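Worksheet: one structure, shown below.
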Amino acid sequence: MKISIVQTRPFQDQKPGTSGLRKRVRTFRQPHYLENFVQAIFDTQRDLQGGMLVLGGDGRYHNRDAIQVIMRMAAANGVARILVGQGGLLSTPAASCVIRKHGAAGGIVLSASHNPGGPEGDFGIKYNTANGGPAPESVTGAIHQATMDIRQYRIAEAAHVDIDHPGEQRLGETIISVIDPVSDYAELMESLFDFDRIRVMFESGAFQMRFDAMHAITGPYAMRILEERLGAPQGTVMRAEPLADFGGGHPDPNLAHARELVQALYGRDAPDFGAASDGDGDRNMILGRRFFVTPSDSLAILAANAHHLPGYSDGIRGIARSMPTSRAADRVAERLGVECFETPTGWKFFGNLLDAGRVTLCGEESFGTGSGHVREKDGLWAVLFWLNLLAVKGRSVEQIVRDHWRTFGRNYYTRHDYEALDSARADTLMQELREGLANMGGRTFGERVVTIADDFAYTDPVDGSVSEHQGIRVLFEDGARIVLRLSGTGTEGATLRVYLERFEPDPEKHDLDTQEALADLARMAEDIAGIRVHTGRDKPDVIT
């Protein structure tokens, strides 16, 4: 096998965000662009030399071509074995599962998560370490520095590798194993949940569900597990075939982008349960019959009920949530007498807590939930958790949520997104907010008094690392909150996310419209941040 040493120059835009490097497909298709970033991984992650690499992605446009390049570069950089998902497919949680089960040195996951696909869409690449989780900032920082210093990369001159048929091949001294992308993950799910009990619920004929795979990666996983192993009727899984452009849709499991599923669950003959996952399978949306479960409530309810399920029958050690996620889980942790951690946004911040055994369940308001079974959020895992809970409780989704509210109170919560903003104007908004924080404490907005106003910083309790400038928090005396931050998952312009939350303990007031219940906080956010002035927008693009 001949190895070529290719001369190159650095690109100035290869700093990974909260979930790796995401850009337009056309950016990744520039000569040397993908290769530079991949070489930076091999140059900084020395355990890959002579080690095992897991490789796969969500099947979006450019996935297959990128996998061919990465395999040739892995062989040229001394990787001993590559486990690649058949067809180049591996959901993000399944990649974490495979890394952990087979003791791989790390993994390269190709995905832009919930972002659109296709030739004019988005593409992404991230590195996961040996624990199966996204690389921490110390690793992504080293990779970024290597991209700034790179002058050459190594790549094998080899023929196209067949990734469509299971089995082993050789690329020089490197063994390439094409694996079933579903089997290891499905085996792990069966060890956590009572599949027999869920199967009985489906076989009764009294329970119906719909799962929207959104023409993304979870289609094959949901078909294998829900319809084949658990006996859900044929047709339970909607849009099951992964497509390179996600069928022209937006693979983001929310009320706006999963319209067909939402219409089914709010229709006259609605099924009992509905769920969806995103492009790479790490997010989830949960619906009951004419009832939406917020991701924040979902995390709290799973934590409060985990002891009912086989994989968590001994209880949970703790809960971690991202800072913008509602405080509903905090109340559960307090009741259970376990720790609750508030971290920056980004699943990588949960990894140390999970590895140290400090927490069992983790969640983010952006439709991400997971546990210590892998080191990624996991969409289908959350769906199976809910199915197992429904089978145990014998109550509807709405009844379970309302029971939870009666016990713990309700956290009214919403997120307002202002998308594709001019980056300079968005940065100015945040900078002016930061400059005004020192004078905000004690100020009154409406009938609320500010107690704390800060730019959230996090000190990791395990390794002591510090992450600053993670979002502006404005906390009021009555426990209400306004949080503002710029998202790190987009590929064009800036997205301003505004989070609004207030707690309502009175069960008689648990049926308010969410936006009405938080309308005064929305007005306060405008007053505090001057959103219209800075962005030119008089309303958010997306409300969840």
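Among the strands (runs of 3 or more DSSP E) confined to the range 289-358, the ones with at least 2 residues that are crowded, with 23+ Cβ neighbours inside 10 Å and either within 16 Å of the chain's Cα centre (by Cα) or at pLDDT below 95 (or both) are located at 318-322. Restricting E468, E508, E526 to residues that are surrounded by fewer than 19 Cβ atoms within 10 Å (Cβ to Cβ), over 22 Å from D330 (Cβ atoms), without any contact (Cβ under 8 Å) to a residue 24 or more places away in the chain and in contact with a Phe, Trp or Tyr (Cβ under 9 Å, 6 or more places away or on another chain) narrows the list to E468. The number of residues in the range 146-177 that are without any contact (Cβ under 8 Å) to a residue 12 or more places away in the chain and loosely packed, with under 14 Cβ neighbours inside 10 Å comes to 4. Checking each residue in the range 214-235 for being over 18 Å from F385 (Cβ atoms), of a type in the set (A, V, I, L, M) and outside any helix (DSSP H, G or I) picks out M214, A216, I217.
Is it true that T44 is out of contact with any Ser or Thr (no Cβ under 7 Å at 6 or more places or on another chain) and either of a type outside the set (F, W, Y) or farther than 24 Å from E241 by Cβ (or both)? Judged against the criteria, T44 is a match. Out of the residues in the range 5-45 that are polar (S, T, N, Q) and in contact with a His (Cβ under 7 Å, 6 or more places away or on another chain), state the one that is surrounded by the fewest Cβ atoms within 10 Å (Cβ to Cβ). Within the range 5-45, the match that is surrounded by the fewest Cβ atoms within 10 Å (Cβ to Cβ) is T8. Counting only residues that are surrounded by fewer than 21 Cβ atoms within 10 Å (Cβ to Cβ) and of a type in the set (S, T, N, Q), the range 251-270 holds 1 of them. Within the range 97-118, residues that are within 23 Å of H62 (Cβ to Cβ) have Cβ atoms under 7 Å from residues that are outside any helix (DSSP H, G or I) and of a type in the set (F, W, Y) in these pairs: G106/Y127; I108/Y127; A112/F123; G117/Y61; G118/Y61, counting only partners at least 6 apart in sequence or on another chain. Within the range 532-543, one or more residues are under 26 Å from P253 (Cβ atoms), surrounded by fewer than 19 Cβ atoms within 10 Å (Cβ to Cβ) and without any contact (Cβ under 8 Å) to a residue 60 or more places away in the chain. For the range 133-155, the count of residues that are at positive phi and of a type outside the set (A, V, I, L, M, F, W, C) is zero.
Taken together, G85, G57, G78, G51 contain a single residue that is more than 22 Å from R170 (Cβ to Cβ) and either touching a residue at least 40 places away in the same chain (Cβ under 8 Å) or surrounded by fewer than 24 Cβ atoms within 10 Å (Cβ to Cβ) (or both), which is G57. Take G281 and decide whether it is at pLDDT 95 or above and either at positive phi or surrounded by fewer than 20 Cβ atoms within 10 Å (Cβ to Cβ) (or both). Yes. Being in a loop (DSSP other than H, G, I, E, B), touching a His at 6+ places or on another chain (Cβ under 7 Å) and touching a residue at least 12 places away in the same chain (Cβ under 8 Å) is a property that P461 lacks.
Quick grid of which residues meet (1) at pLDDT 95 or above; (2) of a type in the set (F, W, Y); (3) within 30 Å of Q12 (Cα to Cα):
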position: H114; (1), (2), (3): no, no, yes
position: Y127; (1), (2), (3): yes, yes, yes
position: M148; (1), (2), (3): yes, no, yes
position: D162; (1), (2), (3): yes, no, no
position: L171; (1), (2), (3): yes, no, no
position: V182; (1), (2), (3): yes, no, no
position: E190; (1), (2), (3): yes, no, no
position: I198; (1), (2), (3): yes, no, no
position: E203; (1), (2), (3): yes, no, no
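Of a type outside the set (D, E, K, R), part of a loop (DSSP other than H, G, I, E, B) and at pLDDT below 90: does that describe G488? Yes; evaluated as a whole, the condition is true for this residue. Summed over the range 4-52, residues that are assigned to a loop (DSSP other than H, G, I, E, B) and either of a type in the set (S, T, N, Q) or not assigned by TED's automatic domain parsing to the domain that holds K101 (or both) total 7. The residues listed here are F207, F211, F202; of these, the one that is of a type outside the set (S, T, N, Q), assigned to a helix (DSSP H, G or I) and within 19 Å of L287 (Cα to Cα) is F202. Which one of these does G248 not meet: (1) on the phi > 0 side of the Ramachandran plot; (2) surrounded by fewer than 21 Cβ atoms within 10 Å (Cβ to Cβ); (3) modelled with pLDDT of 95 or more? So G248 meets the others, but not (3). Just so you know, in the range 438-465 the residues that are surrounded by fewer than 16 Cβ atoms within 10 Å (Cβ to Cβ) and among the hydrophobic types (A, V, I, L, M, F, W, C) include one that is farthest from R502 (Cα to Cα), and it is V462. Of the residues making up the range 372-410, not one is free of Cβ contacts under 8 Å to residues at least 60 places away in the same chain and in a strand (DSSP E or B).
Considering only residues that are assigned to a strand (DSSP E or B) and under 21 Å from S19 (Cβ atoms), which ones fall in the range 53-83? Hits for the range 53-83 are L53, V54, L55, G56, G57.
Within the range 202-217, which residues are surrounded by 21 or more Cβ atoms within 10 Å (Cβ to Cβ) and either in contact with a Leu (Cβ under 7 Å, 6 or more places away or on another chain) or of a type in the set (G, A, S) (or both)? Passing the criteria: R210, F211, D212, A213, H215, A216, I217.
The values are calculated or read from the model by the stated rules, or taken from the named source; none is laboratory data. Note that this is a predicted model, so its numbers are computed, not measured. Cβ atoms come from the backbone with ideal geometry, glycine included; neighbour counts cover every protein chain shown.
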